Structures are given as structure tokens and as C-alpha cells.
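This report concerns only the one structure given below.
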Amino acid sequence: MQLNRWLVVLLLSLSTQARADAVNALKDFVREVKSGRAQFSQIVTSPDGGRTKTTSGSFEFQRPNQFRFAYLPPSEQLIIADGKKVWMYDPGLKQASSHPMSQALGATPAALLAGGNLERDFTLKALPSKAGLDWVQAMPKQADSGFQSLKVGFKGRELAALEIVDGFGQSSRLDFTALALNPVLAVDRFRFTLPAGADLLEQ
């Protein structure tokens, strides 16, 4: 699924100062948080709004350019970025694929959370509060980013949600819980070892 690949991240008042503070909260998060882990739930909605799929799992990241999305059954999947490649593994199919980091990351949602240069890759704009969260829009500066829009939701200063619309109009909402900032993460959390009997497709 395209959205899972990128996988894998401010209460706004109506005042100008509050909106500026929301953007600053995202900048502070990217600047000050060097590693993190959280649980997440994800709802993916088809372009016509008629179909939805709900998944959940855990997310870990460490700057620069290392992250790990582990989706739980029945939609089990593992996505790992080790700083050089992005690996995707489907246990049900026993199939893994890898992509060079330079091709797979770019100006993507994962880059916003785990990358190294927020303002180089994105144009930021504060949005009105919605559903108890403060929202910032992050538009990619490069045309071939693979998604139409990305919104980041904060509750106070804490990252709470991501809303993504991909290049095909499919939308995804990720809500984060149990967020831990700047934990010490083991190096092997961002290493992928091909399981015995699995096929590898490299691009």
C-alpha cells in the first residue's frame, strides 16, 4: 500500500500568534526530538470515501533517516529504514523489498518525522483547530513527492496525529498514543534481516 510505504510525527486559536506558535511547535519537535516511539492506529479511506481499513501497531524513529513501523495482525507488515535503504516485509507473503533511501524518503511523511531538514523539504502553514487538535499543513516543495497533502496534529506540544492524502486521493489518518520522546533505542531496531525462506525484491 502506497501510504504504508512511508511510512514511518500545537490548541490553535484564531489569533495570528497562536497560528505562528503551532508552526513553531512542529519546528521545535523536529529540532529537539532526536528519537521517539509510540503506538498508533491508522484508518485508510478510499478516494471515494466508500471503503475504510483500520490497522494498528508501533512506530519508532531516530534521526537522521531511521524509522520502524510494525503493523499488527491481521495486517502484519514491517517497514524499516536503516539510513541507507527502506525495507518492507510482508510475513504473509514471505516477501521483502528494498529501495534506496534517496528514492524512498525524499519529502514524505516519514521524512518529516525522521528526516533531517524540515524547511528545505516542506512549506509550512498553520490551520484552524479541529477535533481538539492544532493542525499544521506541510506541503512538499518537490513535485514528485507521491502525496497530495500532509497535515500534522498536535495536542499542546505533543505530536498526536498525521493526516495524509496520497497521489491517488487515498487518505490515511494516524493517531499516536503512549508517545515517548528521546528514548534510547537499540541499534538493531533499525536493522532488517531477511527471514529464512523469504524472497527479496530489490529496486
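Read the figures in this text as sums done on the coordinates, not as results from a lab. Here the structure is a predicted model, which is why all the values come from computation and not from measurement. Every residue, glycine as well, gets a Cβ built from its backbone with ideal geometry; the counts of neighbours run over all protein chains shown.
What ranking do 79-87, 170-178 get when scored by the average of other Cβ atoms within 10 Å per residue, highest first? Intermediate values should be presented prior to the final figure.
Values: 79-87: 20.7, 170-178: 17.8.
Ranking, from highest mean packing down: 79-87, 170-178.
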| query | Taking a quarter of the surface of the Cα convex hull of the range 162-203, what do you get in nm²? | reply | 6.0 nm²
| Under a plain spin-label model, where a point goes 7 Å from the Cα along Cα-to-Cβ, how far apart in nm are residue 72 and residue 191? | 2.8 nm
| How far apart, in nm, are the 7 Å Cα→Cβ label points at residue 200 and residue 157? | 4.3 nm
| Which of the residue pairs 34/85; 27/130; 85/130; 34/141; 84/141 have a Cα-Cα distance greater than 26 Å in the structure shown? | 85/130
